[in-house]
Amino acid sequence: GDERVDSVPVQMDLMRIIINENSDQHIIFLKEVDGERMFPIVIGIFEATSIDRRVKNQPTVRPLTHDLLASTIESLGGELQDIYISELRNHTYFAKLRIRHDGELIEVDSRPSDAIALAVAVDVPIYVAEDIIDEASQ
């Protein structure tokens, strides 16, 4: 049938960022926290530099997009709990920002690159659905 069983979320850490000067294909590698599996994801230059800047603790004078989103969530009384790369459909990954607000969990659709950049900015866990990791590692 077409019933999709929800996959187990696996916590991942950002392991590497590869910024390719000669193309617009930049890759980040997530590695399983409690294991050896890796998960590569191709992202754009803006997200790659945003993540890279965060990892290197390079301050900016004005808030950039991911900082802006983080402070907006906070100003509205929400707290980014984690991000979840939940699905792969037609060669496209789908992610969710999982925000706690007034005791409720609100899931906001996001591109994985933006979600990861935000997770790195706010320092919250990154989860990837197990079936996606299995598929990506084949």
Answer in debye to the nearest 20: the dipole magnitude of the chain about its Cα centre, from +1 Lys/Arg and -1 Asp/Glu charges placed on Cβ, is 620
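According to the square roots a ≥ b ≥ c of the eigenvalues of the Cα gyration tensor, what is the shape class of the range 26-84, taking rounded for a/c under 1.5, prolate for a/b larger than b/c otherwise, and oblate for the remainder?
The shape class here is oblate.
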For the range 105-110, what does the Karplus curve 6.51 cos²θ - 1.76 cosθ + 1.60, with θ = phi - 60°, yield as ³J(HN,Hα) per residue in whole Hz, taken in order and with x for Gly and Pro?
9, 10, 9, 10, 4, 8
Within the chain, what's the longest run with no GluC sites (Glu not before Pro) in a DSSP loop and at most 13 other beta-carbon atoms within 10 Å? Give the range, please.
37-138
Using only alpha carbon pairs under 8 Å that are at least six residues apart, calculate the relative contact order of the chain and give it in whole percent.
26
Interchain or sequence-distant (5+) residues whose placed amide H lies within less than 5 Å of the amide H of Arg37 are Glu32
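Can you give the FRET efficiency to the nearest 0.05 for Glu130 and Glu21, using r as the Cβ-Cβ distance and R₀ = 41 Å?
Approximately 0.75, to the nearest 0.05.
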Karplus-derived 3J(HN,Hα) from phi for the range 9-26 (6.51 cos²θ - 1.76 cosθ + 1.60, θ = phi - 60°), whole Hz, x at Gly and Pro, runs x, 10, 6, 10, 10, 5, 9, 9, 10, 10, 9, 9, 4, 9, 7, 9, 9, 10
If you take the charge dipole of the chain about its Cα centre, with +1 on Lys and Arg Cβ and -1 on Asp and Glu Cβ, which of Leu88, Ile19, Gln58 is farthest toward its positive end?
Gln58
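Coordinate-derived values only; no laboratory data. Since the structure is predicted, the reported quantities are computational estimates derived from the model, not experimental observations. For neighbour counting, all protein chains shown are included, and Cβ atoms are generated from backbone atoms with ideal geometry for every residue, glycine included.
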